[in-house]
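The values are calculated or read from the model by the stated rules, or taken from the named source; none is laboratory data. None of the values given here were measured: they were computed from a predicted structure. For neighbour counting, all protein chains shown are included, and Cβ atoms are generated from backbone atoms with ideal geometry for every residue, glycine included.
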Amino acid sequence: MPPQARSPLETDHEADSTRLMLDAIESDDRVTQRGLAAELGIALGLTNIYLKRCINKGLIKVRKAPAKRYAYYLTAKGFSEKARLTAKFLTRSLSFFRHAREDCSDLFLASKAKGYQKVAFVGAGDLCEIAILAALDSGLEVTVIFDETTNRQRLAGTPVVRSFAELAEVDAVVITDIKDPQAQYDRMVARLGPERVLFPSVLRLSPRKPAAAARGVGVKSP
């Protein structure tokens with residue numbers, strides 16, 4: 001049986017982790033594995049796996065240092081790979097911005113046509129900022145952003161709240177979380193019902209009502 005292909009999301013995540021690791025080692029050859037784990041935002045064990053993979057590929061070399069430590073440095077191949085991954089990251093980021101902006105614009109225009117005026121966003125990350133720009137263009141009012149994991153008070157002029165109880169009266173909520181959008185979608189559907197939960201198609205969520213997903217908008221006519 002042929003090996004199962006890995007998802008693009010998994011591949012991109014690994015590429016980004018490798019890029020960040022190479023960046024961190026280039027910036028400080030005295031960085032420890034624990035420091036790399038903090039820089040990458042992943043577990044120490046997973047950092048060790050990525051590090052060994054880079055060493056086996058000839059991207060990084062390691063030498064012993066005083067105080068029972070190890071020093072890491074990039075090889076010529078490592079510098080070339082870092083440049084390649086950086087270019088790939090920038091290209092992918094621009095592509096994501098363009099597709100996300102188009103998806104959000106289509107979603108908001110369709111929502112306006114159905115009579116929606118006020119929405120709240122769920123998730124205060126990069127996609128949220130893109131969605132705010134699209135909402136401004138469409139004339140849809142974003143009253144608040146709900147995110148329990150951030151310390152931000154405002155994002156692009158919009159208030160950020162950390163309690164569901166603080167959500168103002170809105171016609172619908174829009175999933176803009178990219179860390180775990182499916183979990184947020186399911187959570188909002190459980191609270192509000194699928195007709196009041198929207199999402200841009202770039203998130204590729206699995207709605208509870210397939211017919212709603214086929215329309216690209218997770219709401220019914222009010």
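Region 28-146 holds helices (runs of 4 or more DSSP H) entirely within its bounds, and those carrying 2 or more residues that are in the same structural domain as Leu203 (by TED's automatic domain parsing) and closer than 30 Å to Asp171 by Cβ map to 76-113, 126-138.
Only one of these conditions is not met by Leu109: (1) surrounded by fewer than 20 Cβ atoms within 10 Å (Cβ to Cβ); (2) of a type outside the set (Val, Ile, Thr); (3) under 25 Å from Ser163 (Cα atoms). Which number is it? Among (1) surrounded by fewer than 20 Cβ atoms within 10 Å (Cβ to Cβ); (2) of a type outside the set (Val, Ile, Thr); (3) under 25 Å from Ser163 (Cα atoms), Leu109 violates only (3). Note on region 8-62: among residues that are free of Cβ contacts under 8 Å to residues at least 40 places away in the same chain and β-branched (Val, Ile, Thr), the one that is surrounded by the most Cβ atoms within 10 Å (Cβ to Cβ) is Ile60. Consider Pro200 carefully, then state whether it is in contact with a Cys (Cβ under 7 Å, 6 or more places away or on another chain) and either within 15 Å of Val119 (Cα to Cα) or touching a residue at least 40 places away in the same chain (Cβ under 8 Å) (or both). Considered against the rule, which asks whether it is in contact with a Cys (Cβ under 7 Å, 6 or more places away or on another chain) and either within 15 Å of Val119 (Cα to Cα) or touching a residue at least 40 places away in the same chain (Cβ under 8 Å) (or both), Pro200 comes out as yes. Among the residues of region 199-219, is there at least one that is surrounded by 12 or more Cβ atoms within 10 Å (Cβ to Cβ), at pLDDT 90 or above, touching a strand residue (DSSP E or B) at 6+ places or on another chain (Cβ under 6 Å) and outside any loop (DSSP other than H, G, I, E, B)? No, the conditions are met nowhere in region 199-219.
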